[in-house]
Amino acid sequence: MMTTVTLTEFRSHASDMLSRMEKGEIIVVVRYGKPIAEVSPIRSTDAVKPSWERPALRLSTKGAARSTAILAEREHENLT
């Protein structure tokens, strides 16, 4: 669901807006009738964690070189 609100309304009811976004709602903020921002919930918690906080990449795989595992991990990160 997508809701459009004015900037003034967004500022006045920010806590309520964030609660609605936690439930999956997307909020479009307009100023002087023109959209200036689209605020949406994050996709997943892994997307916001820096790589050093995520589980480590296992570099020793049976039958595959480490470079192959690293390239596969990079490919996976680029898709998310």
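The values are calculated or read from the model by the stated rules, or taken from the named source; none is laboratory data. If you're wondering where the values come from, they're calculated on a predicted model, not measured in any experiment. Neighbour counts run over all protein chains shown; Cβ positions are idealised from the backbone, glycine included.
Filtering segment 7-31 to residues that are touching a residue at least 12 places away in the same chain (Cβ under 8 Å), touching a helix residue (DSSP H, G or I) at 6+ places or on another chain (Cβ under 9 Å) and more than 20 Å from residue 42 (Cα to Cα) leaves 30, 31.
Residues that are acidic (Asp, Glu) and at pLDDT below 75 within segment 31-78 comprise just one, 46.
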